[in-house]
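So the structure is just underneath, and the comments pick up after that.
The values are calculated or read from the model by the stated rules, or taken from the named source; none is laboratory data. This structure is a prediction, so every number in the text was calculated from the model and none was measured. When we count neighbours, we look across all protein chains shown, and the Cβ atoms used for this are built from the backbone with ideal geometry, even at glycine. Heavy atoms of the whole protein, side chains included, go into the accessibility calculation; ligands, DNA and RNA do not. Shrake-Rupley method; radii C 1.70, N 1.55, O 1.52, S 1.80 Å.
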Amino acid sequence: MALFALGATILAAQTAPTSSSVVNDDEPVELQTFVVSGVRASLASAQEIKREKFEIVDSIVADDINKLPDYNVTDALQRITGIQILRDRGEGSRVTIRGLSQMENTLNGREVFTAGLGYTGGPSRQVDFADIPSEMVAGINVYKSASADHIEGGIGGLIEMITRRPFDFEGFEAIGSVRLVNGDLVDETKPQYSALVSNRFKVGAGEVGALVNVTFQERAWREDQKGTGTPAARTDIIPGQTVNVQSSTTENTVFGTRERTGVTGVLQWRPSDQLEFYAEGNYTKFDTLQDTNQINVNGGGSFESGSAVLAPGTNDLQRITWNNASVSVLSFARDTHDWTKQFAVGSIWRGDKLMLKADLSYTDSYNDLYFAGPFFASSVAKFTYDTSTEVPTTIIGGTDLTDPNNFAYTGIAYRFRPYYGDLKAAAVDGSYNLNGQFFYSLNFGARWAVRNATNKPGLIFADYNYAADARPLATAYPNLVETNPFGFFPGNSTPTIGNYMSGVIDQARDIAAYRDLFGITTPVPTSASPQSLWDIDETTTSVYLMTKFKAGNLPFSGNFGVRAIRTDEALTGAQRIAATSTTPERIDPLSLDTNYNNVLPSLNTRYEITDGLFLKFSASKTLTRPDFNQLSPSLTLVPNPVNPENNSGSAGNPSLDPIKATNYDLALEKYFSPTTYIYVTAFYKDVTGFIVSSAATETYDGQPYLITRPRNADPAKIKGFEVGYTQFFDELPGLFSGLGMQANYTYIDSETPNATLGGNTPLPNLSKNSYNLIGMYETKKFSARLAYNWRDKFLSGQADIANVGRIPFYTKAYGWLDASVSYRFNDHLSVSLEGTNLLQTKRISYYGSETLPQNVYINDRQVSVYATYRF
């Protein structure tokens, strides 16, 4: 509130925008809004959307996305108030809105998804925003409050991505760009390209427009990770004391390339001012090719007398030297591939009072994971580690880890896992102008969608393991080993293992040929066990009715509506039936049908207190359906022949209910000029039905089994506030008038019962405090931006400590700095110099206490040159 008051004082001299700049909330924001030149224009468009929507919404638009080195949509989203992201291989990955990852994602108003997301453990209902090149989108709207016309599915909110269309432009438009990106750790430069061509033509019956937008990105990257093993409570380290001991270390050198392809094609035809037909297709492909060299050293046995040192004031072991420590080296390819295709046709008819829109779409998505490579074993005479340094110190003595004579093969790994999904949807939406004194518009619609998800042919786990007495030395295959080609944590002043013998990875990408090199004749399976496979068809039918109102001459308006949904699910899988005295063990097919109904009301209001000062209030109910792997009906039973009381098993849970939330938002927004505004938003969410895995006794064939299933359990309460401020200082003299700034801050307080840790804990991966600071400078030819994103520490997960139990682990606070400088030579050519991760931020996590480190990550500092030419 103090920031709000300060901003109001600073901005008092600004004038409020005139009514001519107002977008009528009856209609969707036209994409002309997104055809902008310069940061000021893009900020004005984003502000206009925020001001005129009844919902609580934040937007980023066109040039605002591309004025910083945002390689994917997640990178662009991180600067929106209330959004926090995780990072993967130096880029943004997972997105949360106010701490919740359960959100609805749309592309041009249609639901879009990625078949499999690594961080969800299975097929997700969300899209992986890292799949989508930032150049592919014209704008992004983040709705934090719901309305009845929004597709259901997000308790966190709705992220709406919008691509360009030919009628967004006045005529012919052609834009091309080239970017060269260099990573300092990987020491490679890769190209990126983008091209857009659009035109509109007069024809015999009206006008036709066509657009093609193609983006290709390639980026070399490297990520170093130093890990310290899970602690264990021991009494043999220092006599008379229980000491928390971390006896192992891990060093990962991870490097590779990422390739993104985005293609959009659109046709529009307007035979008259009232009628429009369109057809469009969107295609994204995202490949991560990753090589990993990982060395693990495990002490835990005998140690040098007197070498143990505790961290001051704790029982946490800080330094020790182990004798005869075991070593393992894993060299592997870990590649992931995503592709998503979406095709749609539709029409829009606008009459004097009635508007109707019909849309048919088909979405198809695929994801797979490929993992293969050699594993080695060795030992070292001495292993010393010290956790007192930011990057824990590791010293190896008495053994040359670059000598292949000191290593033997333990196995050749191979795992492959695909996920598939598709969606067929039909939607009809309409609005009718009531011309009423209070209710002035009636909006209505219906949507029918059929979604299929499957994990067939399942996880193929086909590691070949050598018998302990038959392990070949690494020297047996001299062309298949090398010294780790990279160092480790460049610039780090503390000793690490650094170089060691590793496997040559590239050949492992053809597993059949690779196994032939080792004389392995065991065939590679092509499908997993039938009992692990599942297939789900989900049909949703929804209708909504929403009215918009305005209280006569009072500056009070809003919308109120209800969305009703029926969900039908047909699930097929398999169950394992244990052997009896008369029948053998068998796997039987399993088929289940479930259905449920939900009604979701919503209210969004806006009151203009004075000119340009708005008070907004929103209330709604929202839901997110369980992920498909959680719904799997497949059941695996593991009988214990000695003690039936220890029978166990695992399964999905077709009876899972959706996660539901009741949401409230209260916002105060002040608009001073088209690019200057300030806002405060308070929010509260009451969430029920969070899904956790737990075990309970179930009876099969008269025998009890302890079955682990996902279950609806923990509720959560989330509350907090957001503050944001944007201004260009146009009133300053001369060149200083090009200065501008954006700042936003989010506070989120969350709690949910945690049965394993006891009591309430915050939601995982959620920082209580986060902020963005962006400095801007823009003249007619010159533009510069400096963006700093910061979040404080957050709960990352839980780990088991031997002899103690389960404890939490946390990620420390960190900041991320990006920048860009561009110069526009003329109306056609502009050139930019960009940098990301300029501080080369270390991300650090720890177990319970900072004296028990877990991981330290470092990524490339990326620098790029970016040129754009407008024909």
With a Cα-only, solvent-free Debye model of the stretch 697-742, what are the log10 I(q)/I(0) values at q = 0.18, 0.21, 0.26 Å⁻¹? -0.76, -0.84, -0.96
Give, as a single signed number, the net charge of other residues whose beta carbon lies under 10 Å from the beta carbon of Thr761, with Lys and Arg counted +1 and Asp and Glu -1. -2
Just from the alpha-carbon atoms, what are the Rg and Dmax of the stretch 148-189 in angstroms? 19.4, 51
Contour excess over end-to-end distance, with Cα ends at Leu545 and Phe461 and 0.36 nm allotted per residue: 25.3 nm
Can you give me the P(r) profile for the chain? Cα pairs, bins 20 angstrom wide beginning at 0, each as a whole percent. 13, 44, 34, 9, 0
Note down the accessible area of Lys226, probe 1.4 Å, to the nearest 10 Å². 0 Å²
Sorted from largest down, give the three principal axis spans of the alpha carbons of the stretch 183-305, whole angstrom values. 94, 33, 16
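Can you sort Glu538, Glu259 by 1.4 Å-probe accessible area, starting with the largest?
Numbers: Glu538 10, Glu259 55 Å².
I get Glu259, Glu538, largest accessible area first.
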Magnitude of the charge dipole, the chain, Cβ model with Lys/Arg +1 and Asp/Glu -1, debye to 20: 960 debye
What list of ³J(HN,Hα) couplings, whole Hz, do you get for the stretch 351-361 from phi and the Karplus terms 6.51, -1.76, 1.60, once you set θ to phi - 60° and write x for glycine and proline? x, 5, 10, 10, 10, 10, 9, 10, 9, 10, 9
Distance in Å, no decimals, from the C-alpha centre of the stretch 351-388 to the one of the stretch 832-863 is 20 Å
Quick one: angle between helix 39-52 and the longest Cα principal axis of the chain, in degrees between 0 and 90, rounded to 10, please. 80 degrees
Which whole-percent values make up P(r) of the stretch 590-695 when all C-alpha to C-alpha distances are grouped in 10 Å steps starting at zero? 12, 25, 21, 17, 13, 8, 4, 1
Neighbour cut-off at most 13 other Cβ (10 Å), DSSP loop, trypsin sites (Lys or Arg not before Pro), the stretch 183-219: none
Give the share of C-alpha pairs in each 10 angstrom bin for the stretch 224-271, from 0 to the last occupied bin, in whole percents, shortest bins first. 18, 20, 16, 13, 11, 10, 7, 5, 2
For the stretch 478-508 and the stretch 254-303, write down the distance between their C-alpha centroids in whole Å. 28 Å
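For the stretch 424-520, go through all pairs of different Cα atoms, get the mean of 1/r, take its inverse, and jot down that Kirkwood value in Å. Walk me through the intermediate numbers first.
Working: mean 1/r = 0.0478 Å⁻¹.
Kirkwood radius, the stretch 424-520: 20.9 Å.
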Over the alpha-carbon set of the stretch 814-853, work out the extent along each principal axis and list the three values in angstrom, largest first. 56, 11, 8
By how many nm would the segment from Val638 to Leu668 grow when fully extended, if each residue of separation counts as 0.36 nm and the alpha-carbon distance is taken off? 5.0 nm
Inter-centroid distance (Cα atoms) of the stretch 554-624 relative to the stretch 404-472, Å: 18 Å
Loop chymotrypsin sites (Phe, Trp or Tyr not before Pro), the stretch 169-278, which have at most 14 other Cβ atoms in a 10 Å radius of their Cβ (DSSP): Phe172
Within straight-line cross-link reach of Lys793, lysines at Cα separation under 28 Å, skipping those fewer than 8 residues along the same chain: Lys144, Lys226, Lys660, Lys685, Lys717, Lys719, Lys768, Lys812, Lys842
Step through the residues of the stretch 537-550 one at a time and calculate ³J(HN,Hα) from phi using the Karplus curve (6.51 cos²θ - 1.76 cosθ + 1.60, θ = phi - 60°), rounding each to whole Hz and writing x for Gly and Pro. 10, 10, 10, 10, 10, 9, 9, 9, 9, 9, 10, 10, 9, 8
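Using only the Cα atoms, work out Rg/Rh for the stretch 492-642, with Rh taken as the Kirkwood radius, to two decimals.
1.27
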Taking +1 at the Cβ of each Lys and Arg and -1 at the Cβ of each Asp and Glu, which of Ile678, Pro418, Gly689 sits farthest along the dipole of the chain towards its positive end, judged by Cα position relative to the Cα centre? Ile678
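Relative contact order for the stretch 183-244: what is it in percent, counting Cα pairs under 8 Å that are at least 6 residues apart?
Values: 69 pairs, mean separation 18.4, N = 62.
Relative contact order of the stretch 183-244: 30 percent.
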Quotient of Cα radius of gyration and Kirkwood radius for the stretch 430-486, i.e. Rg/Rh, equals 1.65
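Out of the total accessible area of the chain (probe 1.4 Å, heavy atoms of protein only), what percent is carbon and sulfur?
In the chain, the share of accessible area belonging to carbon and sulfur is 57 percent.
How big is D for the stretch 121-203, in µm² s⁻¹ as a whole number, if Stokes-Einstein is applied with the Kirkwood radius of its Cα pairs at 25 °C and 0.890 mPa s? It would help to have the intermediate numbers written out before the result.
Values: Rh = 16.7 Å.
Reported coefficient: 147 µm²/s.
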Reported to the nearest 10 Å², Ile83 has, with a 1.4 Å probe, an accessible area equal to 10 Å²
